[in-house]
Each structure stands twice: as C-alpha cells, then as structure tokens.
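Enquirer: Sharing a structure with you now.
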Amino acid sequence: MHSNINIETQIRSLTKLLDDLRQGIIQVPPFQRNFVWERDDIKDLFDSIRNNYPIGSILLWKPKTKQPWDTLKKVGSFELPIENEQKIYLLDGYQRMSSLFGCLTNPQKIGLVYDENEYSVFYNLYFDLEDEVFIYLRHSNPLTHQVPVHILMSTSDFRQYSRKYIEPYCDTNKLDTYLDRADAFSRSLIDYKLAVIEISDADLSDAVNIFSRINSKGTDISFDWMVNALSYSNDFNFAYEIDSLKEDLTLY
C-alpha cells in the first residue's frame, strides 16, 4: 500500500450526500454489484432513519487518476449526470444510497432519465401518517394520510402538498396530528447524518484492499466482488461472465 494514500472519516448529512449524487460528483463504478434489496429492506432502512438509528458507514474512493470507464451504474433507477472532472466513487453503501436517492428524489423535478417501471416497483415509497409506517401503495391513488417520502425532504414541497391533498379532505380532529408527524419525520431526514470514509490518492487495488480490511470485522466483502472490481474493463465483466456460465450450466 502506498504511503501517500489518505483515509479520512467525516460525518456528513444525508442531504449533502444526496446532492453530491444528484450533481454527479459521486458516481457508482460499473463493477459494483446490481441492486438486490427488496421492498422490506428499503422500508426497514427508512424506519431506522425515522428512529435516528445508525445505518452503517459509507465508503468513497477518490482515485489519483481518471478511470477509463464508459458506463456507470444507475442509482435508484436514475442515470446520474456525467461530469468531466475527477469523480468520487461509491465503493460501499450502494444498496443504502440507491434506496435513499431513489425514494427521496422527486422524478418530476430532478430532470434526470430514469426507469419508470423500476421506480414504481422499488422507490415509490409512502409514509402513512395514520399508522406511522412506510408502505407501497396497492392502488394508484393514495389516501389523505399517505405521503410520498420525497415530499418530506422539502418543507416548501410538503406545505404545497398538504394544502392541496391533505387539508381539504382531512378530518379536522386529526389534521394537527398528521402535520406534526410529517414535520417530525421531515426533520429526521433533513438532520440525519452518516459516517463517511473517503479514500483518496489510491489506485483500485489499494482501495479494494482497504475495503476488505474495513469489512473484516463487519459485513463480509465477497471474493467475487473483489475479483470483479480488480479485473473490470470495458471489455470484461467478471460478474456477467459468471452469471452467463451459470446459465449455460443449468442444462446439466
């Protein structure tokens, strides 16, 4: 490992991390595994944030040289803007950040290309102000007390939403309770902070080595992830080749 590698741990707000993704400052490298979380995983994540529980650290890598990758992973069904400047790559935390970015981004306002079907299935999450639980709608129209979670990332957006969809139809005896609950969760989102470990001036092999050390006493880093990262090129993707081989062998 090179001696000039810098490893810095910071506490950053969730809103700052989402803004960096939105601007394309943080990107996801193409060797990152696909999004594999289920709906219940996403709901559990948001419930942890609502209760101010920790959700684990995020690992970022700022390489010392520009990487020659043609394609990058989507985040929360959105294609992030491609910037010419040096990027920072998300090495650990993709499932969490993809869930958060997908659910807390208003697709009608962001102006990014996204997969509408994927968004509808995984990221169109609502907060039920009556039962204080996170839900996916069974029908296209929400009830008065069901609010898209992305609306709660902005107090001005929620005020507009409330005046249009909640206040005219809500039982007056429950209105203040609903508004208080929405305000409490909104503050939880806006104030939430995560530990971020940033590796800079390191090549990919060093970053993967550091990642494996960090995870040695926590979440296991899979061997195939490391091989995929270290062998990745525009012409070869280890994970894709293994999946293709497994499919070919199913006959036997």
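The values are calculated or read from the model by the stated rules, or taken from the named source; none is laboratory data. This is a predicted model, so every value here is computed, not measured. Don't worry about glycine lacking a Cβ; one is built from the backbone with ideal geometry, like all the others, and counts go over all protein chains shown. Surface accessibility is based on the protein's heavy atoms, side chains included, excluding ligands, DNA and RNA. Shrake-Rupley method; radii C 1.70, N 1.55, O 1.52, S 1.80 Å.
Enquirer: Take the residues of region 53-97 that are among the acidic types (Asp, Glu) and farther than 26 Å from PHE122 by Cα: which is least open to solvent (accessible area, probe 1.4 Å)?
Expert: By that ranking, first place goes to GLU83.
Enquirer: Hey, can you tell me all the residues within region 137-180 that are of a type in the set (D, E, K, R) and either buried (at least 17 other Cβ atoms within 10 Å of the Cβ) or farther than 18 Å from CYS103 by Cβ (or both)?
Expert: ARG159, ARG163, LYS164, GLU167, ASP171, LYS174, ASP176, ASP180
Enquirer: Enumerate the pairs (first residue in region 60-76 and closer than 26 Å to ASP115 by Cα; second residue anywhere and in a loop (DSSP other than H, G, I, E, B) and among the β-branched types (Val, Ile, Thr)) with beta-carbon separation below 7 Å, excluding pairs fewer than 6 apart on the same chain, so at least 6 apart or on different chains.
Expert: Close Cβ pairs (under 7 Å, with a partner that is in a loop (DSSP other than H, G, I, E, B) and among the β-branched types (Val, Ile, Thr)) amount to LEU72/VAL28; LYS73/VAL28; VAL75/VAL28; GLY76/THR105.
Listed here are the residues, each with its yes/no results for (1) closer than 21 Å to THR105 by Cα; (2) touching a Ser or Thr at 6+ places or on another chain (Cβ under 6 Å); (3) modelled with pLDDT of 90 or more.
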residue: ARG39; (1), (2), (3): yes, no, yes
residue: ARG50; (1), (2), (3): yes, yes, yes
residue: ILE58; (1), (2), (3): yes, no, yes
residue: THR65; (1), (2), (3): no, no, no
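Enquirer: Would you point out the residue of region 1-52, among those that are over 30 Å from ASP243 (Cβ atoms) and in contact with a Lys or Arg (Cβ under 6 Å, 6 or more places away or on another chain), that is surrounded by the fewest Cβ atoms within 10 Å (Cβ to Cβ)?
Expert: Applying the filter and picking the extreme gives ILE11.
Enquirer: Hey, does region 80-88 have a residue that's closer than 30 Å to ASP131 by Cβ and touching a residue at least 40 places away in the same chain (Cβ under 8 Å)?
Expert: Scanning region 80-88, I find no residue that is closer than 30 Å to ASP131 by Cβ and touching a residue at least 40 places away in the same chain (Cβ under 8 Å), so the answer is no.
Enquirer: Does ASN141 count as over 23 Å from PHE185 (Cβ atoms) and without any contact (Cβ under 8 Å) to a residue 12 or more places away in the chain?
Expert: Spelling it out, it is not the case that ASN141 is over 23 Å from PHE185 (Cβ atoms) and without any contact (Cβ under 8 Å) to a residue 12 or more places away in the chain.
Enquirer: Moving to a separate point now. Within region 181-222, restricting attention to residues that are part of a loop (DSSP other than H, G, I, E, B), closer than 20 Å to TYR89 by Cα and open to solvent by less than 60 Å² (accessible area, probe 1.4 Å), which residue is modelled with the lowest pLDDT?
Expert: Only one residue tops the list, namely ILE221.
Enquirer: Kindly evaluate ASP115 against the criterion of being over 25 Å from ILE55 (Cα atoms), of a type in the set (Asp, Glu) and either open to solvent by 30 Å² or more (accessible area, probe 1.4 Å) or under 18 Å from the mean Cα position of the chain (by Cα) (or both).
Expert: For ASP115, the condition - over 25 Å from ILE55 (Cα atoms), of a type in the set (Asp, Glu) and either open to solvent by 30 Å² or more (accessible area, probe 1.4 Å) or under 18 Å from the mean Cα position of the chain (by Cα) (or both) - is met.
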